[in-house]
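A short reminder: the numbers here are calculations on the coordinates, not readings from a lab. In this text the structure is predicted, and so the values were computed from the model without any measurement. Here Cβ is always computed from backbone atoms with ideal geometry, including for glycine, and neighbour counts include all displayed protein chains.
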Amino acid sequence: MGGYVVMVEFRLKPGTSDRFRRLINENARASVRDEPGCRQFDVVVPDGEPDSVILYEIYDDAAAFDAHKKTPHFASFDRDSAACVASKKVTLGALVFAGADG
């Protein structure tokens, strides 16, 4: 199967979570819908951490992720969400096993 995994941990500024969630949900929706190399784009809010959002994304390869970062919907998200973000940590890696693979 393989794949290129991107995990992003956002810490949001207080009071911005609703706006950020609208923006990231639209970015995730457009990524899966419009990008052939984007296989999965999940948005997670950890229990008890309303000002934290974790993204779990799977792309065909690093080139597909690079293409994602050049899309208009990513540019809009990045620009419009900047005021909401206190910090961001990005982790990149290879998908070596997916539970659905059995």
Any hit, the range 74-84, residues being part of a strand (DSSP E or B) and either surrounded by 14 or more Cβ atoms within 10 Å (Cβ to Cβ) or without any contact (Cβ under 8 Å) to a residue 12 or more places away in the chain (or both): no
Matching residues in the range 60-73 - criterion: being assigned to a helix (DSSP H, G or I), surrounded by 12 or more Cβ atoms within 10 Å (Cβ to Cβ) and either touching a Ser or Thr at 6+ places or on another chain (Cβ under 8 Å) or not small (G, A, S) (or both): F65, D66, H68, H73
Failed item, numbered, when V90 is tested on (1) under 27 Å from G2 (Cα atoms); (2) surrounded by 15 or more Cβ atoms within 10 Å (Cβ to Cβ): (2)
Odd one out for E57 among (1) acidic (D, E); (2) surrounded by 15 or more Cβ atoms within 10 Å (Cβ to Cβ); (3) out of contact with any Phe, Trp or Tyr (no Cβ under 6 Å at 6 or more places or on another chain); (4) within 13 Å of V6 (Cβ to Cβ): (3)
Residue identified as in a loop (DSSP other than H, G, I, E, B) and closer than 19 Å to H68 by Cβ among G2, G48: G2
In the range 1-44, residue surrounded by the most Cβ atoms within 10 Å (Cβ to Cβ) [restricted to those that are among the aliphatic types (A, V, I, L, M), farther than 15 Å from F74 by Cβ and touching a residue at least 24 places away in the same chain (Cβ under 8 Å)]: L12
Qualifying residue in the range 30-40 (condition: within 10 Å of the chain's Cα centre (by Cα) and assigned to a helix (DSSP H, G or I)): yes
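Residues checked against (1) farther than 18 Å from L23 by Cα; (2) aliphatic (A, V, I, L, M):
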| position | (1), (2) |
| --- | --- |
| V43 | no, yes |
| V53 | no, yes |
| I58 | yes, yes |
| K69 | no, no |
| H73 | no, no |
| S76 | no, no |
| A94 | yes, yes |
| F97 | yes, no |
